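To start, the structure under review is shown below, and the notes come after it.
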Amino acid sequence: MKFYEHSSNYDYTFPAVALAYFLRYPNPYSRHVLSSDVIDRYIDPETGRLHSTRLHLKKSKVPSAILSFLPRSIAGPGGTSQTFVLEKSIIDPKEGWMETESKNMEWTGVLSVVEKQTYRRQRLSDMNDEEPQPQRPKETTTCKTVVTFVSQLGQNKLLSRKKTMQTADVEEEAPKQGLFAAWSTAGIQRTIELVGVKRTKTALINGKEGMNVVLERLRSGGIVAVLEGMRRDRLEGMGVESISSLSPPPPTRPLQYLTLARGLYMYLCPGESANEVAQYQSQSTQLYDVAALIPNLPDEEAFHALPPKLYEFDYAELRNSTLDCIGTIGTDNNTAIVTLFEIATFEALPYESVLPPTDSEDNGRWAHSVSRKRDWDMYRVETAGGTPPICNGERFMAEKEYAAEYWFFNSGGEDLWTPNDVKREELRTSQGMPTFI
């Protein structure tokens with residue numbers, strides 16, 4: 001039997017860490033997790049504690065050091081297989097602690113691994129720091145991990161041999177190879193347990209990195225960003241490449257408004273680590289109707305060439321231009337709020353995004369967002385500018401100007417781009433209007 005202990009700390013509140021724990025699969029550091037299912041969950045009415053039992057299915061590969069001890073019949077090709085892990089957890093939201101226990105359900109005869117973790121709220125006021133740090137969060141979460149390894153490989157043969165020895169004539173000496181075999185079995189078990197300890201050290205590092213990814217997604221984009229990240233990680237774990245184009249709107253949802261946008265993104269570099277990524281904070285964007293421009297443009301390419309020009313255009317001159325501002329995009333509680341004057345106001349939730357086809361280092365991502373009721377589809381494409389700043393471990397706020405096309409599709413009302421007597425598909429092919437990107 002072997003033990004391994006490890007302690008770590010998260011610079012996030014306990015509720016955020018507890019939520020991230022249940023949303024941690026999949027993430028870029030655990031794409032081997034194929035599925036997670038809740039098989040039991042309840043709240044104890046006396047204590048108010050949440051009890052959960054989940055079952056995870058993971059891809060695994062038996063280390064070569066262990067594979068050499070196993071018959072080929074019980075190990076997959078190259079030692080690859082799938083295993084179930086049973087996870088039990090208890091959360092006390094009032095006292096601010098969570099206890100978890102995870103153990104493998106298969107290969108237990110070879111190596112049984114039981115991982116116990118304790119997460120606890122740690123308030124800054126409870127710490128005895130002699131030198132207060134202004135940038136330090138007021139609450140963090142500690143995590144203590146204890147892992148137990150037990151190998152029983154060869155144990156059944158050893159017990160069977162001992163039983164045979166006990167039933168033999170008491171005057172007959174036990175063969176010397178029996179004692180040697182016992183030591184050999186114990187040595188194999190110790191080797192397997194040590195291999196388990198080595199793999200666990202790496203797994204805990206990856207586990208903490210994965211939790212940090214989920215926590216950062218929560219902080220920067222809320223639960224929607226976490227779910228979008230999970231979707232992408234799951235696809236990549238299945239061997240499906242990330243999407244290279246945005247999905248089109250439903251056929252029953254025609255184009256209602258086509259706009260050019262000019263705006264600002266606000267980013268924060270926390271200054272906590274050298275490799276951190278700038279965190280999106282808010283945006284302020286104006287939407288300009290381009291209906292009057294379309295008849296004067298020679299082709300679609302000329303229209304798509306407008307965002308870079310608008311990006312370079314002086315803001316003061318833009319406000320005095322003949323383009324009509326028909327709406328704005330702002331931020332409220334980390335949610336984009338789209339206002340189309342005298343038409344609609346709705347929350348825009350991110351659905352998918354891709355890198356631009358060219359100059360991704362200078363131009364922001366193309367994105368597809370939807371309203372909460374799913375009656376609006378909004379596309380931001382042909383972006384110019386807007387990429388996050390490089391932090392380099394420094395703390396600062398940064399404004400990033402950008403310009404883009406915004407396409408609005410809505411299921412209600414008439415199609416403002418299609419005459420009443422002409423179908424949308426006919427308009428696309430016969431008149432060469434801008435098409436969906």
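The values are calculated or read from the model by the stated rules, or taken from the named source; none is laboratory data. Small disclaimer: the values here were computed from a predicted structure and weren't measured. FYI the Cβ positions are ideal-geometry reconstructions off the backbone, even for glycines, and counts take in every protein chain you see.
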Look through the stretch 319-352, keep the residues that are closer than 27 Å to Pro389 by Cβ and free of Cβ contacts under 8 Å to residues at least 40 places away in the same chain, and return whichever of them is surrounded by the most Cβ atoms within 10 Å (Cβ to Cβ). Ala348
Residue in the stretch 278-291 that is nearest to Ala225 (Cα to Cα), counting only those that are out of contact with any Pro (no Cβ under 7 Å at 6 or more places or on another chain) and part of a loop (DSSP other than H, G, I, E, B): Val290
Subset of the stretch 94-117 [loosely packed, with under 15 Cβ neighbours inside 10 Å and within 16 Å of Thr140 (Cα to Cα)]: Lys94, Glu95
Evaluation of Ala174 against (1) at pLDDT 75 or above; (2) hydrophobic (A, V, I, L, M, F, W, C); (3) in a loop (DSSP other than H, G, I, E, B) (one fails), failing number: (1)
Of everything in the stretch 107-156 that's in a loop (DSSP other than H, G, I, E, B) and among the hydroxyl-bearing types (Ser, Thr, Tyr), which residue is modelled with the lowest pLDDT? Thr108
Please go through the stretch 33-52 and pick out each residue that is over 22 Å from the mean Cα position of the chain (by Cα) and under 18 Å from Phe84 (Cα atoms). Ile39, Asp40
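Of everything in the stretch 25-55, what is in a strand (DSSP E or B) and in contact (Cβ under 8 Å) with a residue 24 or more places away in the chain? Give them in sequence order.
The answer is Val33, Leu34, Leu50, His51, Ser52, Thr53, Arg54, Leu55.
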Pairs under 6 Å by beta carbon, first residue in the same structural domain as Trp107 (by TED's automatic domain parsing) in the stretch 77-97, partner in a helix (DSSP H, G or I) and modelled with pLDDT of 90 or more, six or more apart or different chains? Ile91/Ala18; Gly96/Phe14
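Kindly establish whether Leu310 is more than 29 Å from the chain's Cα centre (by Cα), at pLDDT 85 or above and over 25 Å from Lys373 (Cα atoms).
For Leu310, the condition - more than 29 Å from the chain's Cα centre (by Cα), at pLDDT 85 or above and over 25 Å from Lys373 (Cα atoms) - is met.
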Can you tell me which residues in the stretch 381-421 are aliphatic (A, V, I, L, M) and modelled with pLDDT under 90? Ile390, Leu416
Does Ala384 fit the bill of being of a type in the set (Gly, Ala, Ser), closer than 28 Å to Pro250 by Cα and crowded, with 22+ Cβ neighbours inside 10 Å? yes
